[in-house]
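The values are calculated or read from the model by the stated rules, or taken from the named source; none is laboratory data. Remember, predicted model here, so these are calculated numbers, not experimental data. Heads up, the Cβs are rebuilt from the backbone with ideal geometry, glycines too, and the neighbour counts pull from every protein chain shown. These accessible areas exclude ligands, DNA and RNA; they are computed on the full protein's heavy atoms, side chains included. Shrake-Rupley method; radii C 1.70, N 1.55, O 1.52, S 1.80 Å.
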Amino acid sequence: MRFVLSCLRACGLTLAAGAFGLPMVLLLAASTHAPGSVPVPGDIWPDSPGIAAYFTAFEQVPMARALLNSVVLLLLFVPTALLTGSLGGFGIRLMSPRWQLIAIALLVAAASVPYAAIWLPRFMLFQWLGLGGSWIPLWAPALMGGHPLLVLLFYVSARGILSSQIDAARLESAGWLRIWWRVALPQMQPALLAAALLATAWCWSSFTEPLLYLHSERSQTAPLMLYALELLGASNWSVLMAAAMVLAAPVVLILLVVPRILNRSVGG
């Protein structure tokens, strides 16, 4: 029975990998077409594949600067989201059961609000504060944990911390921040890795917020450059696919590496 379950699991993982990997293969194939070629239905792999579209993508738009901006924004966003999210999750863990239920309900409610519903109020708020055109509106969600679901993830992880450990630390006159740093965080490593993966994916692929707030070309991020290439028309198809491959490759590498680290962390 165990062998059958192992075979079914292996088959399921293979099918899932194929379903998610096929778009990347098609994207890679499309990016090897010559720049200026118009897409033809069924013409997946070119007769003479090349990488000229990648160079053209960096020539037509300031992709290098945009990638650097995305990396800098990512390095600001993810650590802040992990810091505030883990603090929030641990803080909910310290609440009484009644207040924990209220906090969880608020987190679920906040996560259920359609994202488009808060675009206009947030835009008006940041414009009123004089922060429009800066990276602060893009970084601000990290101050609240990045996303309500990340705070909820940290809370679920913090529930595994024994109350006796917290009480023992309090008897040694440790403050709450020290308990969070020395006791809670080491036991929340799987949640930290999972939250880092999710926050990275959200921040790296963010398009609407940079479109709303970043007006200067020097401050724009990589997804906006991808949109600029799309506006050039169908003759720029292979160049667009090349730029999309450049943006997708780091996320794919992270998805390949982080689950293995997460499995070792959970197993340990």
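In the set (1) 1.31; (2) 0.96; (3) 1.22, which value of Cα Rg over 2.2 N^0.38 Å was calculated from the structure you see?
Among (1) 1.31; (2) 0.96; (3) 1.22, the one calculated here is (3).
Residues of the chain: accessible area per residue at 1.4 Å, in Å²?
59 Å²
Given the peptides 43-56, 198-211, 108-121, arrange them by the average over their residues of other C-beta atoms within 10 Å, most packed first.
198-211, 43-56, 108-121
Kyte-Doolittle cut-off 0.5, length cut-off 27 Å along the helix's own axis using Cα: show which whole DSSP H helices in the chain pass.
Within the chain the helices that satisfy the rule are 2-31, 63-93, 237-267.
In sequence order, what are the phi-derived ³J(HN,Hα) couplings for segment 132-142 according to the Karplus relation 6.51 cos²θ - 1.76 cosθ + 1.60 with θ = phi - 60°, rounded to whole Hz, with x for glycine and proline?
Running phi through 6.51 cos²θ - 1.76 cosθ + 1.60 with θ = phi - 60° gives x, x, 10, 7, 4, x, 6, 8, 4, x, 5 Hz.
How high is the relative contact order of the chain, in percent, with contacts defined as C-alpha pairs under 8 Å that are six or more residues apart?
Worked out over the chain, it gives 33 percent.
Express in nm, to one decimal, how much length is gained between ILE136 and SER163 on full extension, taking 0.36 nm for each residue of separation and deducting their alpha carbon distance.
Difference between extended and current length: 5.9 nm.
If you count, for each residue, the other Cβ atoms within 10 Å and average over each peptide, how do 149-156, 99-106 line up from highest to lowest?
149-156, 99-106
Could you give the length gained by full extension between MET95 and TRP45, i.e. 0.36 nm per residue of separation minus their alpha carbon distance, to one decimal place?
In short, 12.2 nm is gained.
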